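Asker: My structure is below; once you've seen it, I'll send some questions.
The values are calculated or read from the model by the stated rules, or taken from the named source; none is laboratory data. None of these values were measured; they are calculated from a predicted model. Cβ placement follows ideal geometry from the backbone for every residue including glycine, while neighbour counts extend to all protein chains displayed. Side chains are part of the model used for accessible areas, which takes the heavy atoms of the whole protein and leaves out ligands, DNA and RNA. Shrake-Rupley method; radii C 1.70, N 1.55, O 1.52, S 1.80 Å.
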Amino acid sequence: MRLIELSPPGRKVVTGTLLFTTEDIIRFAKKFDPQPFHVDAEAAKDYVFGALCASGWHTCAGWMKTYIAYWTKEVARLESEGLIAPKLGPSAGFKKLQWLKPVYAGDTITYSVQLTESRPLTSRSGTFINITINDGVNQHGDVVMRYEGTVLEFA
C-alpha cells in the first residue's frame, strides 16, 4: 500500500491535540529557546505578545509528537486488517515554516497533515517523495503554525 492510496491528496488527517501549559512552555523554552517571553511570565508582559507564549519550535515539536502517535496507531490498525502500511522514512526537509499566531498557556492545539503530492524519485528506484501541508490550529480555529514537509516512502 502506498501513502497516496491511504490518504489521497486533499484529505486532511487530524493527528492529535495538545494542551500547552505554563509549566510545559517554560520547561521546553529553558532547554531549547530561553527567550524572556518563553521562560518568564512577568517579563513576557513587556514583549510584543503581552503574555507568556510557547516557542515556535515547541509548537513544531507538538506536531511531530502527535504525528508519531497517530502513525503508530495507524500502522497497528492496518496490520490488524491484514494490510501492509506504507514504509515511511525520514523527512527530506521542510519549507515555508510559518508561526502565524502565538500559542499561550492554556491553548489547545489540534494538529493535522494533508498529502498534496507524491512522486517517484528518479535517482532512487522504488522510492517516492511525499509532499505534505502540516498545521496546528488553536481552540478558536486560528492557524498558529504551518509548514510544507516532505517524507520519503520506500516500496
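Asker: Looking at the range 111-120 only, could you name the residues that are surrounded by 17 or more Cβ atoms within 10 Å (Cβ to Cβ) and either polar (S, T, N, Q) or touching a Leu at 6+ places or on another chain (Cβ under 9 Å) (or both)?
Answerer: Hits for the range 111-120 are Tyr111, Ser112, Leu115, Ser118.
Asker: Also: Give the range 1-34 a look and list any residue that's of a type in the set (Val, Ile, Thr) and either modelled with pLDDT under 95 or closer than 26 Å to Gly56 by Cβ (or both), or say none.
Answerer: Val13, Val14, Thr15, Thr17, Thr21, Thr22, Ile25, Ile26
Asker: If you take the residues in the range 126-149 that are more than 21 Å from Ala51 (Cβ to Cβ) and over 12 Å from the mean Cα position of the chain (by Cα), which one is surrounded by the fewest Cβ atoms within 10 Å (Cβ to Cβ)?
Answerer: Ranking the qualifying residues of the range 126-149, first place goes to Gly126.
Asker: Filter the range 41-50 for residues that are farther than 14 Å from Gly106 by Cα and part of a helix (DSSP H, G or I); which is least open to solvent (accessible area, probe 1.4 Å)?
Answerer: Ala44
Asker: Name the strands (runs of 3 or more DSSP E) wholly inside the range 78-155 in which the number of residues that are among the hydroxyl-bearing types (Ser, Thr, Tyr) is 1 or more.
Answerer: Per the criteria, 108-120, 127-137, 143-154.
Asker: Go through the range 18-40 and count every residue that is surrounded by 16 or more Cβ atoms within 10 Å (Cβ to Cβ), in a helix (DSSP H, G or I) and either touching a residue at least 24 places away in the same chain (Cβ under 8 Å) or of a type in the set (Lys, Arg) (or both).
Answerer: Count: 4.
Asker: When both residues are 6+ apart or on different chains and their Cβ atoms are under 6 Å apart, which pairs have a first residue that lies in the range 68-83 and is touching a residue at least 24 places away in the same chain (Cβ under 8 Å) and closer than 17 Å to Leu115 by Cβ, and a second that is surrounded by 12 or more Cβ atoms within 10 Å (Cβ to Cβ) and polar (S, T, N, Q)?
Answerer: Close Cβ pairs satisfying both conditions: Tyr70/Thr15.
Asker: Also: Given the conditions (1) surrounded by 13 or more Cβ atoms within 10 Å (Cβ to Cβ); (2) more than 11 Å from the chain's Cα centre (by Cα), report the number of the one that Ser123 does not fulfil.
Answerer: (1)
Asker: Can you find a residue that is open to solvent by 80 Å² or more (accessible area, probe 1.4 Å) and closer than 24 Å to Thr108 by Cβ anywhere in the range 51-62? Before you say what the answer is, go through the steps one by one.
Answerer: Start the filter on the range 51-62 by keeping residues that are open to solvent by 80 Å² or more (accessible area, probe 1.4 Å), which leaves 57.
Still in the list and also closer than 24 Å to Thr108 by Cβ: 57.
Yes: the range 51-62 contains one or more residues that are open to solvent by 80 Å² or more (accessible area, probe 1.4 Å) and closer than 24 Å to Thr108 by Cβ.
Asker: Kindly indicate the residue of the range 1-17 that is open to solvent by less than 40 Å² (accessible area, probe 1.4 Å) and touching a strand residue (DSSP E or B) at 6+ places or on another chain (Cβ under 8 Å) and also nearest to Leu83 (Cα to Cα) among those meeting that condition.
Answerer: Leu3
Asker: Whether any residue in the range 97-107 is surrounded by 14 or more Cβ atoms within 10 Å (Cβ to Cβ), farther than 15 Å from Met1 by Cα, of a type in the set (Asp, Glu) and within 18 Å of the chain's Cα centre (by Cα) is what I want to check.
Answerer: Yes, the conditions are met somewhere in the range 97-107.
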